[in-house]
Amino acid sequence: MGYQILNGKYTIPNLPAAYADKMAQTLKIVLADERCGVRVTLLYGVLEECDIITRSVKIENTGTRKLYLEKVSSSCLDFLYGNYDMISFYGRHTMERNVQRHKILHGRQAVGSIRGASSHQYNPFMILAEHTATEQTGECYGAAFVYSGNFSAEIEKDQFDQIRFVMGLSEEQFSYSLSAGEVFYAPEVVLSYSGEGIAHLSHNFHYFARKHICRGKYKDKPRPVLLNSWEACYFDFDGEKIVALAEQAAEFGVELLVLDDGWFGQRDDDNSSLGDWEVNERKLGCSLRELSERVHQKGVLFGIWIEPEMVSEDSNLYRSHPDWALQIPGKKPVRARNQLVLDFSNPEVVEYILEKISDILRQGEVDYVKWDMNRSLTDIYSANAKEQGAVSYHYMLGVYHLLESLTARFPDILWEGCCGGGGRFDLGMLYYTPQIWCSDNTDALDRVRIQYGTSFGYPLSAMGAHISAVPNHQTGRSTDLNTRGVVAMTGAFGYELDFGKLCEREKKEIREQIAIYHKIAPLLNGKYYRISDPFAEEYGAWMVVDPEKKKALLSIVMLNIHGNMPVIYVRLFGLDPTKNYCESISKDIYSGEALMAGGFPVALRAGDYQAYQIMFEEVNAGE
Ligand code: GLA
């Protein structure tokens, strides 16, 4: 029907979407089907500064009858020719975002989620890369969904070898009724292109996510180093234990103590109390205010864990409102982690939880909140809904409403997303929580791969990464404290262990790690390069470079070791070839050109899983 070009970027009611200043533009293309009474407006946001185009779709019922939307996609890219690979990110709990790359075949290839969360199984981020594209060369296209629920990313190659790439809401469990005059907005897809390899595509997404998705006072700041109580004491704590952890934390230079699960209702294990957002003062031995004040007196910030979308059957909330849980009348609901999911498609439920959580956040001096979500949605039936076709979608709107309301009411709080680790790691959540717990797996070796996979679409600042005790609680593997540090430090850094159980050598090393982290933290917002593929090679190597190319941090973890290992030459990226750099360990000077063309020689130490963290700093002429 027509088009419009407007200054500024469009917004989408009730959904997270990229924000941009006047530099962005919006293209609206209006299509109409007069006979069916449907008007569709394709919304393009153009953020030239970061090579990003966003796409959403507005659908209006301009007729007189009710319509049912059975499938709504947000973006569609057509490739008339070319030989492309599909790169997607699959996984499972404690092993998220493995990288899968394969040639696009004739027929339809798709990933997606119908679990109610974007899921551990497939991430809503995908890349189409020329078959010959590498990190540094070739054309590639990326698409990321700004949505945290059911999605679909489909690629189809047709009889003329043309490829269509479509991303949007999953059509399963989706039938949205649109009455005359009503409007529906599809969640946004973010698109980018690189003609110079996959690293550049990642840079576009990293910068964009930090500047146009993440919000709040921490969006550009190095995040406080935290100590989380979960692997330190699980459910077994009282107020004294938490204050003792805070005291130890302060001694080491940790800046934030997080009280994880188990502080509310009667919750001493995972069988009860979700939904009962009342502080368990009997267990803590004091009120939340007193506890937070005592933690602050030790000189560290105070944070708590919540799981607002859930309810335990053994809870006062469930006993008084069984109809507030998603379950199908007459059928036994599926439990996961012994819990049910609250019906967040019902605004009354969301308002109730909003007031309960707000009350908690007003009771204590809370600086940080970890927002968890520990099971998928099943038994999708809302006792409140007139029509059941879009309960999962309305559930997500309820989650976003709660996130928006809480982040607006408590703007100084640092929010971290979590979903059984990294099961809801997407741009939708990053709009509210500028960091997300990357995985419940804290094993340093597995984390090299998990963080590698995550880095294709998401910045380092988004990846919650902690050092935990060994043998690792998830894999049983032991790695050096140094190795765990090298891996966790290239993320939103923290610890998840009992400092009281450490020996003197470890205590000294942790103090050093925290000092190093403070030095390198500003660098983490620089350009990030994947140097090796830890799924295919015997070492994981990655680096970050500051925008002025004055400083770079190289991290290497040996995944395997053999007899008589040769020196490995790690070729660096993103340096200035004309500058000279001093390497932090030997203090040797290398030219940027030599480091990038010849490589940095790493003399390997013997021992399993050794890690190396090397800083390169520009040497000024005459020094
Ligand atoms: C999930 C999270 C963990 C921890 C527990 C608490 O598994 O991913 O980090 O918070 O819940 O129950």
Practice task
Within 10 Å, count the other beta carbons around each residue, average over each peptide in 512-524, 303-315, 369-381, and list them highest first.
Solution key: 303-315, 369-381, 512-524
Problem - Assigned charges on the beta-carbon of Lys, Arg, Asp, Glu; the stretch 502-623 dipole about Cα centre (debye) - result: 220 debye
Fill in the blank from the handout: Quick calc, R511 & E290: beta-carbon distance into FRET formula, R0 30 Å, rounding 0.05, result 0.55
Practice task
Find the all-direction average of the projected area of the Cα convex hull for the chain, expressing the result in square nanometres with one decimal place.
Solution key: 29.9 nm²
Practice task
Run down the lysines and flag those whose C-alpha is under 27 Å from the C-alpha of K507, throwing out any fewer than 8 positions away in its chain.
Solution key: K221, K241, K298, K370, K519, K587
Exercise for the section: Would you mind working out the accessible area per residue for the chain, using a 1.4 Å probe, and quoting it in Å²? Expected result: 39 Å²
Exercise for the section: Diagonalise the Cα gyration tensor of the stretch 478-623 and give the resulting equivalent ellipsoid semi-axes, square root of 5 times each eigenvalue, largest first, whole Å. Expected result: 26, 19, 14
Problem - Set of the stretch 241-283 residues, backbone N closer than 16 Å to the point 7 Å along the Cα-Cβ line of Q363 - result: 259-268, 273-283
Exercise for the section: With only Lys, Arg, Asp and Glu charged, each at its Cβ (+1 for the first two, -1 for the last two), find how big the charge dipole of the stretch 112-187 is about the Cα centre; round to the nearest 20 debye. Expected result: 260 debye
Practice task
Set the Förster distance to 56 Å, then compute FRET efficiency between E281 and Y19 from the Cβ-Cβ distance, nearest 0.05.
Solution key: 0.85
Exercise for the section: Subtracting the Cα-Cα distance from 0.36 nm times the residue separation, let me have the gained length for A606 to E387 in nm, one decimal. Expected result: 72.5 nm
Problem - Computed helical MRE - 222 nm, the chain, DSSP H runs ≥ 4 contributing -39500 (n - 2.57), nearest 500 - result: -6000 deg cm²/dmol
Practice task
Taking H placed 1.01 Å from N in the peptide plane, check which residues at least 5 places from G138 or on another chain put their amide H under 5 Å from its amide H.
Solution key: G197
Completion exercise
Scattering profile of the stretch 310-469 from the Debye formula, Cα beads only, expressed as log10 I(q)/I(0) at q = 0.17 Å⁻¹, is -1.10
Practice task
In whole angstrom, note down how far apart the Cα centers of the stretch 551-623 and the stretch 86-105 are.
Solution key: 30 Å
Problem - Segment K103-K66, length gained on full extension (0.36 nm per residue, minus Cα span) - result: 9.1 nm
Problem - trypsin sites (Lys or Arg not before Pro) lying in DSSP loop within the stretch 448-513, provided at most 15 other Cβ fall within 10 Å - result: R477
Handout entry: Positive-pole candidate from A383, Q363, L403, dipole of the stretch 362-414, charges at beta carbon
Key = A383
Handout entry: Angstrom value of the Kirkwood radius, inverse mean 1/r, which spans all Cα pairs in the stretch 35-106
Key = 16.4 Å
Exercise for the section: Could you sort 488-497, 163-172 so that the peptide with the highest average Cβ count within 10 Å comes first and the rest follow in order? Expected result: 488-497, 163-172
Handout entry: the chain: antiparallel DSSP beta bridges as a percent of all, rounded to 5
Key = 80 percent
Exercise for the section: Could I have the simple spin-label model distance between E251 and L27, label points 7 Å from Cα toward Cβ, reported in nm to one decimal? Expected result: 6.2 nm
Completion exercise
Between the alpha carbon centres of the stretch 261-338 and the stretch 427-500 the gap in Å comes to 25 Å
Practice task
Please give, to one decimal in nm, the separation of the simple spin-label points placed at Y81 and D323, each 7 Å out from Cα toward the Cβ.
Solution key: 6.3 nm
Practice task
Tell me the GluC sites (Glu not before Pro) within the stretch 382-485 that lie in a loop according to DSSP and have at most 15 other beta-carbon atoms within 10 Å.
Solution key: E387
Problem - Sparsely packed chymotrypsin sites (Phe, Trp or Tyr not before Pro) within the stretch 528-562, loop by DSSP, other Cβ within 10 Å at most 16 - result: F535
Fill in the blank from the handout: Output row, site Q136, 7 Å Cα→C-beta label point, backbone N cut-off 15 Å, window the stretch 588-613, residues 592-601
Completion exercise
With R₀ set to 22 angstrom, the calculated FRET efficiency between the beta-carbons of F535 and A110, to the nearest 0.05, is 0.50
Completion exercise
Extension length gain for S478 and S584 (0.36 nm per residue less Cα distance), in nm, is 35.5 nm
Handout entry: Dipole-positive endmost among P459, W324, A143 within the chain (Cβ charges, Cα centre)
Key = A143
Exercise for the section: Quantify, in whole percent, the carbon and sulfur part of the accessible surface of the stretch 433-555 (1.4 Å probe; protein heavy atoms only). Expected result: 49 percent
Exercise for the section: Return an integer: the convex hull volume of the alpha-carbon atoms of the stretch 130-257, in Å³ per residue. Expected result: 261 Å³
Exercise for the section: Treat every Asp and Glu Cβ in the chain as -1 and every Lys and Arg Cβ as +1, leave all other atoms uncharged, and give the resulting dipole magnitude about the Cα centre to the nearest 20 debye. Expected result: 700 debye
Handout entry: In sequence order, calculated HN-Hα J values of the stretch 169-177 (Karplus, 6.51, -1.76, 1.60; Hz; x Gly/Pro)
Key = 5, 5, 7, 6, 6, 9, 8, 9, 8
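The values are calculated or read from the model by the stated rules, or taken from the named source; none is laboratory data. All figures in this text were calculated on a predicted structure; none of them were measured in a lab. Glycine also receives a Cβ, built like all others from the backbone with ideal geometry; neighbour counts cover every protein chain displayed. Just so you know, the surface numbers come from the protein's heavy atoms only, side chains and all, with ligands and any DNA or RNA stripped out. Shrake-Rupley method; radii C 1.70, N 1.55, O 1.52, S 1.80 Å.
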